[in-house]
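Accompanying notes for the structure given below.
Just so you know, all these numbers are worked out from the coordinates, no wet-lab data involved. Please read these numbers as outputs of a predicted model, since none were measured by experiment. When we count neighbours, we look across all protein chains shown, and the Cβ atoms used for this are built from the backbone with ideal geometry, even at glycine.
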Amino acid sequence: MSRPPLGGQGRAPIPVTPGTGRFLVLVCVFVCAACGLVYELELVALASYLMGDSVTQASVVLSVMVFAMGLGSLAAKRLRCRAAAGFGLVEAGLALVGGCSAMALYAVFAWTGGWGGAWSEGPRWVLVGISLGIGVLIGAEVPLLMVLIQRIRRQDPGGAVADLFAADYVGALVGGLAFPFVLLPLLGQLTGALLTGAVNAVAGGALVLGLFRRDLSARGRWLLLVANVVVLSLLATAWVLVDDFERAARHAMFGAHVRVAEQTAVQEVVLTGGRSGPLGLYLDGRLRVSGRDARAYYATLVDPAMRGPHARVLVLGGGDGLAAREVLRHPGVRRVDVVDSDPGVVRLARTDPALSALNGRALSDPRVRVSTGDVFGRLRAAPGDLPYDVVICDLPDPGLTDSTKLYSQEFYGLVGRVLSPAGRVVVHG
């Protein structure tokens with residue numbers, strides 16, 4: 001005699017028509033797929049921000065996750081007889097792990113003294129462990145959903161798989177677009193991950209407790225409800241404390257004198273000191289300007305290139321105004337064009353008292369013209385009939401994918417096109 005499935009799962013009817021039930025399952029697939037891709041992109045973005053070398057971080061996170069998804073699919077075979085309860089628990093766990101993943105990774109970085117070079121043992125395994133856990137849980141979703149959608153109405157397996165994958169891929173598209181264009185600019189990395197986790201928990205819990213509640217015993221429904229309430233409570237608590245957490249993490253990373261911390265459309269900008277100690281400008285966690293040696297550094301960068309004709313000067317990067325300040329110290333400069341990718345940095349260079357004092361208010365000089373946008377694209381569109389005598393490349397290090405093209409043969413070909421025959425170009429090395 002066969003044993004009935006645990007948790008009370010049988011062939012109890014669902015409380016809606018089969019067509020409505022299938023639609024609700026596919027909506028849940030769509031939402032869960034969007035959340036899963038946000039978790040992946042969040043880990044890639046945060047690991048790149050903390051460690052640099054975005055190609056390596058993306059490769060580690062995505063390859064570990066894809067491998068783990070295979071493990072999760074295999075593990076889900078044991079839960080097929082309890083598909084509703086298993087899916088509900090998987091989504092609750094995924095919401096908690098994925099929603100808190102950014103805070104966990106940021107905390108390890110902030111309070112372990114950095115990464116000890118490119119990697120250190122603790123943070124490396126935290127990143128891999130989180131990627132592995134999220135991947136296993138994501139991989140378990142589709143096999144369980146396949147059982148649930150067949151539970152509503154039998155159809156050929158190929159058609160069911162096509163429906164699930166269509167909803168999954170469209171959801172991934174929406175999640176992939178929502179992360180850079182909505183979540184990251186409006187909420188930031190940590191809050192965006194917490195909101196995604198809450199949406200994930202609500203979608204999974206609502207599907208199981210609403211549509212498949214008769215497949216669970218009374219005890220199973222109660223346990224799943226408690227699990228989701230606990231997860232949502234933890235995410236809500238983290239949401240309330242996220243500002244204090246970020247403030248404490250920044251102090252651990254940058255010291256106690258953080259004055260400005262904002263997420264621009266391009267990067268995170270942090271200003272320290274200025275009133276109490278030397279000024280520090282950090283872009284995506286990396287020191288860009290130090291008040292201790294800024295004058296000596298920019299004199300070394302700019303002065304050798306200014307030994308010759310220098311009436312027209314192009315500064316690529318340099319939105320902090322320090323390279324322009326050094327250029328303007330030389331007599332005979334008639335025009336300085338500054339092209340920077342981040343208007344937020346330019347605004348701070350003009351309005352922050354400490355930073356504008358350090359750059360000598362160079363960006364307000366009538367000879368200086370500032371434009372913002374993609375440096376590579378602006379250089380490509382620059383007219384070649386008015387060549388520059390000097391081009392100063394005050395650019396970020398090529399540790400991130402976005403900046404590597406600024407150290408390519410194509411980039412230097414464009415620089416040569418706008419340079420006069422006797423012109424000079426200087427590059428930080």
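Here are the numbers:
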item: Computed [θ] at 222 nm, helices only, for the chain once each DSSP H run of length n ≥ 4 contributes -39500 (n - 2.57); result: -19500 deg cm²/dmol
item: Selection from GLY413, VAL170, VAL258, by position along the positive dipole direction of the chain (Cβ); result: VAL170
item: Residue-by-residue Karplus 3J(HN,Hα) for region 219-227, coefficients 6.51, -1.76, 1.60, Hz, glycine and proline x; result: 5, x, 4, 5, 5, 5, 5, 5, 4
item: GNM flexibility winner over the chain from LEU94, LEU225, LEU137 (Cα, springs under 10 Å); result: LEU225
item: Among VAL229, VAL391, VAL313: highest mean-square fluctuation, GNM of the chain, C-alpha pairs under 10 Å; result: VAL229
item: Efficiency of FRET between ALA162 and HIS257 - r from beta-carbon atoms, R0 56 angstrom, step 0.05; result: 0.45
item: Amide H contacts of VAL370 (H built 1.01 Å from N, under 5 Å, at least 5 apart or other chain); result: VAL338
item: Per-residue HN-Hα couplings for region 419-429 [Karplus 6.51, -1.76, 1.60; θ = phi - 60°; Hz; x = Gly/Pro]; result: 9, 5, x, 9, x, 10, 10, 10, 10, 5, x
item: Kirkwood estimate for region 211-370, i.e. one over the average of 1/r between Cα atoms, Å; result: 18.8 Å
item: Test item: Cα-centred dipole of region 305-427, Lys/Arg +1 and Asp/Glu -1 on Cβ, debye; result: 500 debye
item: Cα-based shape type of region 360-420, given that a ≥ b ≥ c are square roots of the gyration tensor eigenvalues and the cut on a/c is 1.5; result: oblate
item: Percent antiparallel among DSSP beta bridges (both partners in the chain, rounded to 5); result: 40 percent
item: Distant-in-sequence amide H partners of VAL425 (H built 1.01 Å from N, under 5 Å); result: VAL391
item: Charge-dipole axis of the chain as Lys and Arg at +1 and Asp and Glu at -1 on Cβ define it, positive-most pick from SER364, PRO18, TYR106; result: PRO18
item: Debye intensity ratio in log₁₀ form over the Cα atoms of the chain, taken at each q of 0.06, 0.08 Å⁻¹; result: -0.35, -0.57
item: Net dipole in debye of region 8-251 [+1 Lys, Arg Cβ; -1 Asp, Glu Cβ; about Cα centre; nearest 20]; result: 1160 debye
item: Fewest-first sequence of PHE181, PHE87 by Cβ atoms within 10 Å of each Cβ; result: PHE181, PHE87
item: For VAL289, distant residues with modelled amide H under 5 Å away; result: LEU281
item: Mean projected area in nm² (Cα convex hull; one quarter of hull surface) for region 8-251; result: 13.1 nm²
item: Around VAL240: net Lys/Arg minus Asp/Glu count, Cβ-Cβ under 15 Å; result: -2
item: Max mean-square fluctuation residue, GNM over the chain, Cα-Cα springs under 10 Å, options ARG151, ARG250, ARG369; result: ARG369
item: Top positive-direction residue, dipole computed over region 305-427 with Cβ charges, set PHE376, MET306, GLY317; result: MET306
item: Size of charge dipole - the chain - debye, nearest 20, with Cβ of Lys, Arg +1 and Asp, Glu -1, no other charges; result: 760 debye
